[in-house]
Amino acid sequence: MAESKPNELMEKVVSLCKRRGFVYQSSEVYGGINGFWDYGPLGAELKRNVKELWWTSMTRMRDDVVGLEATIIMHPQIWRASGHVDTFTDPMCDCLLTRKRLRSDQIEPQSGTAYHYSGASDAGSGRAVSEPYSVLVQAGKPVESARKIAIQFYQARGLAAVTLEGERAEKVENSQRYNPDNGSLLTEPRPFNLMFKTHVGPVPDEDNVAYLRPETAQAIFAQFKNVLETSRQKVPFGIAQTGKAFRNEVTPRNFTFRSREFEQMELEFFIRPDEVVEVLTGSVATPTAPGHPGEPERNWGWQLWHQYWVEERIRFYEGIGLPRTSLEEYWQKPDELAHYARATVDLLFKFPFGTQELEGIAARSDFDLSQHERSSGKSMGVFDEELRTAWGKLDEATRERIGSSYFEHRRGYLVKAGVPAELAEKKAREDVEGLAKGQYIPHVIEPSAGVDRLILALLTHAYSEVTTTDDKGKSETRVILRFHPRVAPIKVGVFPLLKNKPELVAKAREVHALLRGQMMAFYDDGGAIGRRYARQDEAGTPFCVTIDFDTLGETPELKDTVTLRHRDDGRQERLPMGGLLEFLRERIH
RNA sequence: GCGAGAGUAGCUCAGCCUGGUAGAGCGUCACCUUGCCAAGGUGAAUGUCGAGGGUUCGAAUCCCUUCUCUCGCUCCA
């Protein structure tokens, strides 16, 4: 990474992105639209490469993961079951004094005396403010403390010497309208729905409200049974999906990092609950050392699976040019975890504007499938013949122990989900009976990555500057994007050494024709050769091929060889044309 | 959404204070030149000065509104 100040580096990257056609602001000719970005020619190739590498490594290279491509608009019930309708509709309000933003439903109810003011004036300047305001003070506190806050409020609105007007006291019980920190009145609560709403059908009304998905994952849960029944997969296995998701962010920030329309790469990897693993294998293996635990084993519990996926994902990033040192693993603290999550690891990248999340790998227990089972009324469980048989062979004490552990987990989930205690107990007991018959709801490990964030990480990580000084002492700074060849938008540039020699141009065209179709190859004969190299460096092209007079046979033993030039160090080597394709393929795959 | 700063050629910026109808460097394109790292020459294109409104004989310049970007408060792909 270049050694610039954070903002400087970010500005350079943003500027380069536009100049070279990686990223443009959406709808720019109309003044742009906040939180939306388009990918230009180079960006589109880069993004495509990243998604294909993810898809290939997740599905094609594995026996135990299959793909899904679901719609963006789904049955609205999905978002009620997932919790997005509730948690994404937060009423927010602002403190009128400090402008601090608060979740109005999370404000501790306050009681005391509210002092209302109709406005204030400044005798000195003759100015007046007629905006009403109030301050809540706890019972017993003097009125002066309210006045002090109110004076600050009116001072902030331009009065120097404040004379408060229309003071009036009122008893208040359990109000959420005041800031607990300073007693200041808050703005009216406004709902902040982070889901984009639309209507299915031509006439918008309440009955046909639908949402653009705020994550791709829920479709995987909703289609879990279909995939299970049609893919010939058995737990443990995963379902992968990439696609657009939409969140009406309060504050889109940091270039493409937080966008309102963005793309995700998500895997839901379904595993057996630990109780099932124990029944089948007699014990549950747990992590013994940090690092990659190796090939999956039958006796792995959720913790090992979780660790496995964390390490798999880090390997993926390493494979596309983000070394482990550029990443940071953050294990969420118990109080930060969502209530259904058992563990979540964030993979953070050191962006110029701060260390921020690229991907979250969550162990989500059986929460999601259970929610959809309760919400849809359709079973989300799987049946495992082997489990039923193994259960039959257990002794009574073991059945009792494993059964009660399973019972506690299921009851815990149901109670948290709002099921009345008595009913939850009854249902949890039924679940234990199901377990004995070979039925259970799979747990899930969810590695969920943001594509656009990853693109931004790759761009900022690849960005570097090289300053050279020529004979005349004139120094010049060139930009090199040091992309891993796997993600580089253009894999190879093909140039005739000179443009005004038709034989060179024809030969270069021939080489270009040989390579294109196999990989993104770019032909260029404009300007001097050094300039063309520089242009490709800036686009992040790892290799350039130059056709010269030796290629044509000027030095007989060099006939049909070309110069291959490496981006990162300018090194050149001579290669036979016939071996070119293989040489490049080895390095870009 | 709120507070602070900014928006002029593809990019980086000057001009704004003190109104008189837009400039530099780089880049882009064409031609010439070219013997491996942004070489040189000649020529060309490009701005409704972010958008809208107002003041004025006249606005990039002064005033208002709006949009976008950057930074702080919330967020986690």
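At q = 0.25, 0.27 Å⁻¹ the log10 of I(q)/I(0) for the stretch A:173-256 amounts to -1.18, -1.26, computed by Debye summation with a single uniform scatterer per C-alpha, solvent ignored. Rounded to 0.05, the FRET efficiency of the A:Lys393 and A:Arg298 pair, given R0 = 25 Å and the Cβ-Cβ distance, is 0.90.
Normalised by 2.2 N^0.38 Å, where N is the number of residues, the alpha-carbon radius of gyration of chain A equals 1.25. Taken as Cα centroids, the stretch A:213-239 and the stretch A:304-337 sit 23 Å apart, rounded to the nearest whole angstrom.
Could you give the angle, 0 to 90 degrees to the nearest 10, between helix A:529-539's Cα long axis and the longest principal axis of the Cα atoms of chain A? Roughly 20 degrees, rounded to the nearest 10. The spacing between the stretch A:383-432 and the stretch A:125-179, judged by their C-alpha centroids, is 58 Å. The GluC sites (Glu not before Pro) of the stretch A:492-589 that meet both conditions, a loop assignment by DSSP and at most 14 other Cβ atoms within 10 Å of the site Cβ, are A:Glu554.
For chain A, the longest principal axis of the C-alpha atoms and the axis of helix A:302-319 are separated by about 40°. Using the Cβ-Cβ distance between A:Arg478 and A:Lys437 with R0 = 60 Å, the FRET efficiency computed as 1/(1 + (r/R0)^6) comes to roughly 0.30. Of all aspartates and glutamates in the structure, those lying under 14 Å Cα to Cα from A:Lys234, and not within fewer than 8 positions of it along the same chain, are A:Asp63, A:Asp64, A:Glu268, A:Asp384, A:Glu385, A:Glu386. In whole percents, the pair-distance distribution calculated for the stretch A:453-589 from its alpha-carbon pairs, binned every 5 Å from zero, is 2, 10, 19, 22, 19, 13, 9, 4, 1, 0, 0. The base-10 log of I(q)/I(0) for the stretch A:93-190, evaluated at q = 0.11, 0.13, 0.15, 0.22 Å⁻¹, reads -0.30, -0.42, -0.56, -1.09 [Debye formula, identical scatterers on Cα atoms, solvent excluded]. Among the GluC sites (Glu not before Pro) in the stretch A:33-92, those located in a DSSP loop and surrounded by at most 10 other Cβ atoms within 10 Å of their own Cβ are A:Glu69. Packing around the peptides A:263-275, A:488-500, A:427-439, taken as the average count of other Cβ atoms within 10 Å per residue, puts them in this order, highest first: A:263-275, A:488-500, A:427-439. Net charge near A:Pro296: determine it from the other residues with C-beta under 14 Å of the C-beta of A:Pro296, scoring Lys and Arg +1 and Asp and Glu -1. My count for the surroundings of A:Pro296 gives -2.
On the basis of the beta-carbon distance and an R0 of 22 Å, A:Arg509 and A:Phe549 show a calculated FRET efficiency of 0.85. Working from label points 7 Å from Cα in the Cα-to-Cβ sense, the A:His75 to A:Tyr30 distance is 3.4 nm. Helical runs (DSSP H, four residues minimum) scored at -39500 (n - 2.57) apiece and divided by the length of chain A put the mean residue ellipticity at 222 nm at -10500 deg cm²/dmol. Modelled this way, with points 7 Å down the Cα-to-C-beta line, the labels at A:Val143 and A:Glu229 are 7.3 nm from one another. Summing charges over all other residues whose Cβ lies under 9 Å from the Cβ of A:Lys47, with Lys and Arg as +1 and Asp and Glu as -1, gives -1. Ignoring lysines fewer than eight residues from A:Lys197 along the same chain, the ones with Cα atoms less than 19 angstrom from its Cα are A:Lys244. Other residues within the sphere of radius under 9 Å centred on the Cβ of A:Glu268, judged by their own Cβ, net out at -2 (K and R +1, D and E -1). Descending by average beta-carbon neighbour count within 10 Å, the peptides A:201-207, A:408-414 line up as A:408-414, A:201-207, the highest first. Qualifying trypsin sites (Lys or Arg not before Pro) in the stretch A:142-244, where qualification requires a DSSP coil assignment and no more than 11 other C-beta atoms within 10 Å, comprise A:Arg232. Shape analysis of the stretch A:255-398 places it in the prolate category; the axes a ≥ b ≥ c from the Cα gyration tensor give an a/c of at least 1.5, with a/b above b/c.
Counting only alpha carbon atoms, the long axis of helix A:396-416 and the longest principal axis of chain A meet at about 80°.
FYI, it's all coordinate maths here, none of it is from the lab. What you see is a predicted model, and the numbers here were worked out from it, not measured in a lab. Because the Cβ atoms are built from the backbone with ideal geometry, glycine has one as well, and the counts that use them run over all protein chains shown.
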